[in-house]
Amino acid sequence: MNALNLENLAPGTVLGWVTGRVRDGHRETWDAALEKVWPEFLAEMSSNAGYQGAAALWAVETGEVSVVGIWQSMEHRLAYEARSSGKVRAIFNALLEDPPTRVKQVVAKVHWAR
């Protein structure tokens, strides 16, 4: 399994987030769904230039889930949106309550403790 290397984050890197709730609200449902859709999701994401990685998250306190895509630049992210975002949204829309929140964030500063 490849590790997501967050040390690649640098000013100008773009993170695209989708955040929502699993339809039944259970962590086990989220984990099982990811097992089914993650390979298809990664294949689609990886077919786009500038894609650097992704992570799926579960918020312990709230039960919200997030999927984060990491892109070299806003140009790469916008090209992905034109080419693949419809396919990726369809993968996750079936799992999440409506409407999930979608946000693009640009890294402004980074510090890594050594």
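The values are calculated or read from the model by the stated rules, or taken from the named source; none is laboratory data. Not measured: the values here are computed from a predicted model. Here the Cβ positions follow ideal geometry from the backbone for every residue, glycine too, while neighbour counts run over all protein chains shown. Accessible surface areas use protein heavy atoms only, side chains included; no ligands, DNA or RNA. Shrake-Rupley method; radii C 1.70, N 1.55, O 1.52, S 1.80 Å.
Cα extents for the range 7-114 along the principal axes, largest to smallest and rounded to whole angstrom: 37, 34, 23. Find, among the trypsin sites (Lys or Arg not before Pro) in the range 9-42, those assigned to loop by DSSP (not H, G, I, E, B) with at most 14 other beta-carbon atoms within 10 angstrom. Here the trypsin sites (Lys or Arg not before Pro) that fit, given the DSSP loop and packing criteria, are R23.
Over the chain, DSSP H runs of length four or greater, each weighted -39,500 (n - 2.57), average out per residue to a 222 nm ellipticity of -11000 deg cm²/dmol.
Annotation: per residue accessible area for the chain equals 63 Å², rounded to a whole number [probe 1.4 Å, protein chains only]. Rounded to the nearest Hz, the phi-derived 3J(HN,Hα) couplings of the range 32-47 under the Karplus curve 6.51 cos²θ - 1.76 cosθ + 1.60 (θ = phi - 60°) are 5, 5, 4, 4, 7, 9, 4, x, 5, 4, 5, 4, 5, 4, 5, 7, where x marks glycine and proline. Straight-line cross-link reach from K36 at under 29 Å between alpha-carbon atoms covers these lysines, not counting any fewer than eight positions away in the same chain: K87, K104.
One decimal place: the segment A55-Q72 gains 4.6 nm when fully extended, by the rule 0.36 nm per residue minus the C-alpha distance. With a 1.4 Å probe and all protein chains left in place, how much of the accessible area of the range 29-114 comes from carbon and sulfur atoms, in whole percent? C and S atoms contribute 54 percent here.
Taking the Cα centre of the chain as origin and assigning +1 to Lys and Arg Cβ atoms and -1 to Asp and Glu Cβ atoms, the resulting dipole is close to 360 debye.
A simple spin-label model places pseudo-atoms 7 Å from Cα toward Cβ; at A108 and I91 they are separated by 3.1 nm. To the nearest ten degrees, helix 74-83 and the longest principal axis of the Cα atoms of the chain are 40 degrees apart.
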